[in-house]
Amino acid sequence: MPETEGPTRLWGGRFAGGPADALARLSVSVHFDWRLAPYDIAASRAHARVLAGAGLLDNDELGQMLAALDDLESACAAGEFRPTVEDEDVHTALERGLLERLGTLGGKLRAGRSRNDQVATDLRMYLRDHARGVAAAVVELADALLEQAGRHVDTPAPGLTHVQHAQPVSFGHWLLAHVQPLLRDLDRLRDWDARAAISPLGSGALAGSSLPLDPAAVAKELGFQAPAQNSMDAVSDRDFVAEFLFITSLIGVHLSRLGEEVVLWTSQEFGWVILDDAFATGSSIMPQKKNADIAELARGKAGRLIGGLVAVLTMLKGLPLTYDRDMQEDKEPAFDAIDTLLLLLPALAGMISTMTVRVDRLAAAAPVGFSLATEVADWLVRKHVPFRDAHEITGRLVALCAARECELEDVSDEDLKTVSEHLDPSVREVLSVRSALAGRTTPGSTGPGPVADQLQTASDKLDSWREWSIEPVVPR
Ligand code: ARG
């Protein structure tokens, strides 16, 4: 049975009765869009000024309106004003709050705007603001990785491809390899922000307004670069949500790769890293257990981040212009992505900065699995043996060692000569992890010099991020 007309709906004049319960329950979004309230109020303030500029509110009315909006804002922040079950969405709830404060004057603010341009504006503001919070948390994790990397510039480790020992690397270099994707993510957030800085307010439901509004003034007041070029696009466009979710998904993917490595590093089999007790968990039945749950959650949460992106892209696909109610589905994935990253990133940062790296185990593992074989091949190349032959010769040497269960440097002078006329005892000079690392001096490689340079560049880049990550979107 349809309910009697609720007190707070923003529509109803042309309807014979109120909405069915089932419709109301499906339609309601206030339980998740309430977090847009401060942004909606900021946009209302800007809109009120524009209405006054257009002569649609007199000075006294504008003063009352702004005071009521301020009061409503404090009441929301203090939890004194809350949405009720009757409020369909954040816009409905806030209009009720305004009517409670101003009576009929409160009803004037809706002139020239629609929830369609309001919600698009609010969500842009919310995401732009929170992108900075996400960036700050990414910086915190990158800082933790940089700090650990700084301690391990000279710590040798077995570099892997296919999870097989490949070539020795500096463990600091390895940790910095997880910083680079985060630096790109930070760049992506800033690039995204520039595109998201377009204000839809003034587009109304879809066609703009016949009232003399000032979209440029509103855009400026709300921290946007410019008003939208096309009112129909402005209320239809959710590229900024999809793109934001791509970035958060990619951050999730990066964190999952770091997480997976920490899971491996802390396993009994690797034993390269010991987690601080505060950042590890135990088992309810096995008293000896110490688990890397943060790292596993980093791996696992990538799934929900990617899921949010897929949900929004799928919702948008084939959607006719302009606003369709499908678009209400844009908010939960976006909010969830932010919440997820703001939980995950500080935990990961704490885990990384407090973990103990087992330098002894890493150094012992670095040459295992004939990981210095490439050094032999390069040594031959320096003796002008074509690399193709050098590869073959070194392969034969490795096969000999594998059969004899000995290391490359254990092969006798005689046997070296048997493997190839090009091999002589001086090849043993390159058969140390230290020399393999020291020999890598080209930019970006794993030698101590280039790693120190990389550390410096990464740290400078991060510094340039600190300010952006706390810069407020809406100037107060
Ligand atoms: N709550 C809606 C959303 O989040 C905005 C309201 C637009 N509703 C409408 N019937 N035009 O998308």
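Any read-out appearing in this document is the output of simple, stated calculations on the displayed coordinates, not a laboratory observation. Since the structure is predicted, the reported quantities are computational estimates derived from the model, not experimental observations. Virtual Cβ from ideal backbone geometry, glycine too; neighbours counted across all protein chains shown.
What is the distance, in nm, between label points placed 7 Å from the Cα along the Cα-to-Cβ direction at residue 435 and at residue 62?
8.0 nm
Amide H to amide H under 5 Å from residue 159: which residues, 5+ apart in sequence or cross-chain, H placed 1.01 Å off N in plane?
For residue 159, whose amide H was placed from the backbone, the distant partners under 5 Å are 166, 167, 169.
Could you please tell me the mean projected area of the C-alpha convex hull for the range 1-135, averaged over all directions and given in square nanometres to one decimal?
Result: a mean projected hull area of 9.2 nm².
Lysines near residue 417 by alpha-carbon distance under 25 Å, same-chain residues fewer than 8 away left out - which ones?
Reachable lysines: 383.
Straight-line reach from residue 301: which lysines fall under 26 Å, measuring Cα to Cα and dropping same-chain residues less than 8 apart?
289, 290, 317, 331
Which FRET efficiency value, to the nearest 0.05, is calculated for residue 360 and residue 16 with the Förster distance at 60 angstrom and r the Cβ-Cβ distance?
Here the calculated transfer efficiency is 0.15.
Measuring from label point to label point, each 7 Å out along Cα→Cβ, what is the residue 277 to residue 409 span in nm?
4.0 nm
Just from its helices, what would the mean residue ellipticity at 222 nm be for the chain, if runs of 4 or more DSSP H residues each count -39500 (n - 2.57) and the sum is divided by every residue, rounded to the nearest 500 deg cm²/dmol?
The helix-only estimate for the chain comes to -19500 deg cm²/dmol at 222 nm.
What percent does the relative contact order of the chain come to when contacts are Cα pairs within less than 8 Å and at least six residues apart?
With pairs under 8 Å counted, the relative contact order is 18 percent.
For the chain, which DSSP H helices look membrane-span-like by this rule: Cα extent along the axis of 15 Å or more and mean Kyte-Doolittle of at least 0.0?
37-53, 59-77, 90-102, 239-265, 293-316, 331-354, 387-404
Cross-link partners among aspartates and glutamates for residue 108, C-alpha distance below 13 Å, same-chain residues fewer than 8 apart left out?
Straight-distance partners of residue 108: 58, 61, 95.
Along the positive direction of the dipole of the range 330-465 (beta-carbon charges: Lys, Arg +1; Asp, Glu -1; about the Cα centre), which of 408, 451, 337 reaches farthest?
Projecting each Cα onto the dipole axis, the largest value belongs to 451.
Arrange 355, 286 by Cβ neighbour counts within 10 Å, fewest through most, would you?
286, 355
How high is the FRET efficiency between residue 257 and residue 100 when r is their beta carbon distance and R₀ equals 56 Å, given to the nearest 0.05?
Calculated transfer efficiency: 0.65.
When a footprinting reagent is the concern and you count Cβ atoms within 10 Å, what order do 34, 265, 11 take, fewest first?
11, 34, 265
Taking the number of other C-beta atoms within 10 Å as the exposure measure, put 353, 256 in order starting with the fewest.
Fewest to most other Cβ atoms nearby, the residues stand as 353, 256.
How large is the translational diffusion coefficient of the range 19-78 in µm² per second when you combine the Kirkwood radius over alpha carbon pairs with Stokes-Einstein at 4 °C and 1.567 mPa s?
Once the numbers are plugged in, D ends up at 98 µm²/s.
Using the alpha carbons of the chain, what is the convex hull volume per residue in cubic angstrom, as a whole number?
It is 201 Å³ per residue.
Taking the Cβ-Cβ separation of residue 457 and residue 290 as r and a Förster radius of 51 Å, what is the calculated FRET efficiency to the nearest 0.05?
It comes out at approximately 0.90.
Once amide H atoms are placed 1.01 Å from N in the peptide plane, what residues at a sequence separation of 5 or more from residue 447, or on another chain, have their amide H within under 5 Å of its amide H?
440
Two-decimal Rg/Rh of the range 288-434 from alpha-carbon positions, Kirkwood Rh?
1.32
Net charge within 14 Å of residue 359 by Cβ-Cβ distance, Lys/Arg positive one each and Asp/Glu negative one each, not counting residue 359 itself?
Around residue 359, the charge tally is +2.
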